[in-house]
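One structure is given below, encoded as structure tokens.
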Amino acid sequence: MWNTFKYTVLSIVRERGVVFWVILFPIILATLFNVMFKGMDEGAFELPMIPVAIVDASEGNAGDSFHTTMDALSDEKNGEALLAPTYVKNSDEAYRMLKSGETVGTITLDADGWPSLELSPGEGDVGVSMEQVKRTVLADVVDDYCRSRAAAEDIITNDPTALANPKVIDSFTERTEYTSALAITHSKTKEYVRYFYALLGFAALMAAMVGLTAVGAIQPNISPLGARRVVGGTGRSRMLVGAIAASWVISFSALLVAFAYIRFVLGVEFGGREGACVLGLAVAALMATSLGALIGAIPAIPYNAKSGVLTGLTCLLSLFAGLYGTPALRLADQIANDAPWAATINPAKQVTDLFYSLYVYTDMEPFFQTICVLLVITLVFSLAAALFMRRQRYASL
Amino acid sequence: MQVFKAALKAFFRHPIYLLVYVVWLSCMGLFMGMSVTDAPSEEYLERPNVAVINRDGGELSKGLASFVADNSVVVDIEDSERALQDAVMQERAHYVVIIPEGFSADFAKAAADGTTMPEVQTVVSTQSASVTMMDNLVNEYLNVSKTYSLALPDAGQDQIVKRTNTAMGHSVEVNVVQVAEAPPVSNAFLLYLQFASYTILLSIAVCSAVVMSRFGSEEISRRTGASPIPRLSANLQIAAASFVIMLVCWAFVSGLGLAVFGSKLVGVDASVIASGLLSLFVYSLFGLAFGFFVGQLTSNELVMNAASNIVGLVTSFLGGVWISLDLVGEPVATIAKFTPTYYYNEALHAAFDVSGGGFTSEVFVNLGVVCLFALTVFAIGLAISRIRAGKMGSWKGLSTKASLQSAA
């Protein structure tokens, strides 16, 4: 058993393809994520400058209050300017600018100085597009002006006596902040950490490649090496235990390397619960080994194609864990919400959730629940693998 | 045509690749495409999902809650820590407003006395522009309420809330301009084609690499080298077979997309759809070139899978088909320009542009860049293959072997 263990470890470590998959791949991908999301962390919440054309058809001083508002919003000295207005003569020119994409909207002031807004139509993009954000901000800014003006005019018309109070006049332009943000989750939520968690889910499934290789090498109907080993003196079960133990050790080590790289080299946060993360990885490695054993034991698929099956499976399951960018993350959330069972039976999603629950929840209960789910999945995979492996007839006349 | 036939045979002997990569991965694209719903074209606002936890029973709280509800997508959430954490974690609510007990009374009192105004608490799951705008709306409402509270010191709060609501009911008249005659392409189809860059790169690269590596393995290439078929002809036939494989993959992905999203494309100009599919075709050429490159590099299927997968993932992320490049920083956006996927994505956007689209010059320029990428990768593959062929065929190697044998 010890010899099986030792030589399984050696043979897998020497297999270039496996090492590439389970160790290099997560590291390369994590590095890519890091490059992409560092920028997202820093600059994503800044509202962009919004180019807008203004057609002023107001008479007399009717448009003055609007211009004051516009000036305040486009004043670069006063913090960041939100709008970049261009005053144009007529609506034809404004339309030309809108069509060519120079502006996202046109504000037209009527004779009384009330604005109306024309916006460019939405264009598809992955997740939320900046164009959509710009349209929203523009509409909100103009709405804000209309509402304040409506309130002020209402008071001037219906309660002129109130204007004697200087506080009322001040409050027309005064802006008080009434909201204070509250943190209810264990760590400050940064969405991009979820991609790293999904990556660990992906890496865990990829680590099944190890179990697949190890189990394939002791199955007489899968590989010639397996056939040779079976006629040897070592019992099947002893060989299996050795191979599985070796796979687990390698998968676990590979995941630890990926985790250490993500946590300590890239500095991604795991809610300060690294110890629990290691426990989670150990369970994830166990699940991966059982999955590898299961695929490795399926007799109908030729050995070479099994890695293809595993890759395809990993890609598909990782999609539902949210690995592939913003739309995939939304899809994963939607499924977890609408069909929780589909998320429960997806090992990639469960591994991803391990880290997320550590990051988000204050208590540890959800984490241990996920651990239990993973253990059940492991058990199911192992039982199925055992069914395939037991009492196989390899050749019959 | 012997080699051509043999190459295709080798491909079809690996149905598992066809199944896993072409069919399976295309389904991933389908899932992605089907997950988005097209906003009606008059829908111009990006509003977050908001939950209001009203712990106060006052008039102002009710007014604020209903104002927020009118301007967002409201989700119901139970008032408990765990429920809130869940909502935030699963992104069911992007923004939660918690109105504390006694808020309405405190607000009226503070406005009258001129003391510090009370605050509502907010929980933000993911910071984004739409959440910031939602926060502004809440502040706007309370600012206008304060104005009315000051202006009407003797009025009851119900009166103040009523007039606040009237003022806040004002909004600017918005028209969304239709800049093109035909309706724009459905977002679902765009997303499907964007995702297809990954599908197609992976499936073509892996499938063609499998074929090429079969012929590239030392024993087989020695055997084919010894046959009367000229080397060039054999290579061209293998290339032709790979091209056929590429066509199969492209046709499958395109056909599947049209079949599933066809109903959403009614009324869209045929040239717009055709130019989108042409973009995918040109990108497929890059997939083919990459498959050739990988096939020259290794014949280990595990490494082939891994190399194609990682290049597929990296280019898809960097190319902006999975994450809007607006959101990542400037340096990344620059790096993105060194991936073919970026130009494919640009071509798609140009083809599906709301103000027309179709076969515009912008589409062709971008596709031209994709072609250049394909050529470059192909040339590197060729160079590798030359080096390998050179090594294998050298007399020196053979003579050493022969002399070794004779010595033995």
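If the requirement is being at pLDDT 85 or above, within 20 Å of A:Phe388 (Cβ to Cβ) and surrounded by 14 or more Cβ atoms within 10 Å (Cβ to Cβ), which of these qualifies: A:Ala297, A:Ala293? Just a single option satisfies the conditions, and that option is A:Ala293. Just one of B:Ser171, B:Ser125, B:Ser104 is within 8 Å of chain A (Cβ to nearest Cβ) and closer than 21 Å to B:Ala51 by Cβ; which is it? Going through B:Ser171, B:Ser125, B:Ser104 in turn, just one is within 8 Å of chain A (Cβ to nearest Cβ) and closer than 21 Å to B:Ala51 by Cβ: B:Ser125. Among the conditions (1) in contact (Cβ under 8 Å) with a residue 12 or more places away in the chain; (2) small (Gly, Ala, Ser); (3) under 23 Å from A:Asp353 (Cα atoms), the only one that A:Ser247 does not satisfy is (3). Taken over the stretch B:92-116, the criterion of being crowded, with 21+ Cβ neighbours inside 10 Å and assigned to a loop (DSSP other than H, G, I, E, B) is satisfied by B:Ala93, B:His94.
Candidates are the residues of the stretch A:95-148 that are in contact with a Ser or Thr (Cβ under 8 Å, 6 or more places away or on another chain), charged (D, E, K, R) and closer than 21 Å to B:Pro48 by Cβ; the one that is modelled with the lowest pLDDT is A:Asp125.
B:Asn71 meets the conditions (1) at the interface with another protein chain (Cβ under 10 Å from one of its Cβ atoms); (2) closer than 25 Å to A:Pro366 by Cα in every case but one. The failed one is (2). Considering the stretch B:322-358 alone, what residues qualify as being in a loop (DSSP other than H, G, I, E, B) and either at pLDDT 85 or above or outside the structural domain of B:Gly276 (by TED's automatic domain parsing) (or both)? Those that are in a loop (DSSP other than H, G, I, E, B) and either at pLDDT 85 or above or outside the structural domain of B:Gly276 (by TED's automatic domain parsing) (or both): B:Lys337, B:Phe338, B:Thr339. Within the stretch B:55-64, the set of residues being outside any loop (DSSP other than H, G, I, E, B) and within 14 Å of chain A (Cβ to nearest Cβ) comprises B:Leu60, B:Ser61, B:Gly63, B:Leu64. Among the numbered conditions (1) surrounded by fewer than 24 Cβ atoms within 10 Å (Cβ to Cβ); (2) assigned to a helix (DSSP H, G or I), the only one that A:Val215 does not meet is (1).
Every residue, every condition in (1) among the polar types (S, T, N, Q); (2) in contact with a helix residue (DSSP H, G or I) (Cβ under 7 Å, 6 or more places away or on another chain); (3) not assigned by TED's automatic domain parsing to the domain that holds B:Ala205, yes or no:
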site	(1), (2), (3)
B:Asp56	no, yes, yes
B:Ser61	yes, yes, yes
B:Asn71	yes, yes, yes
B:Val74	no, no, yes
B:Ala87	no, no, yes
B:Phe103	no, yes, yes
B:Asp106	no, no, yes
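Taking the stretch A:320-335 as the range and being aliphatic (A, V, I, L, M) and crowded, with 24+ Cβ neighbours inside 10 Å as the test, the residues that pass are A:Ala321, A:Leu323, A:Ala328, A:Ala332. In a helix (DSSP H, G or I) and assigned by TED's automatic domain parsing to the domain that holds A:Phe20, is that true of A:Ala328? Judged against the criteria, A:Ala328 is a match.
Just to be sure, is B:Leu236 out of contact with any helix residue (DSSP H, G or I) (no Cβ under 7 Å at 6 or more places or on another chain) and assigned to a helix (DSSP H, G or I)? Here the answer is yes, as B:Leu236 does meet what is asked.
The values are calculated or read from the model by the stated rules, or taken from the named source; none is laboratory data. Only a predicted model underlies this, so the values are computations on that prediction, with no experimental measurement involved. With ideal geometry, Cβ positions are generated from the backbone for all residues, glycine too; neighbour counts draw on all protein chains shown.
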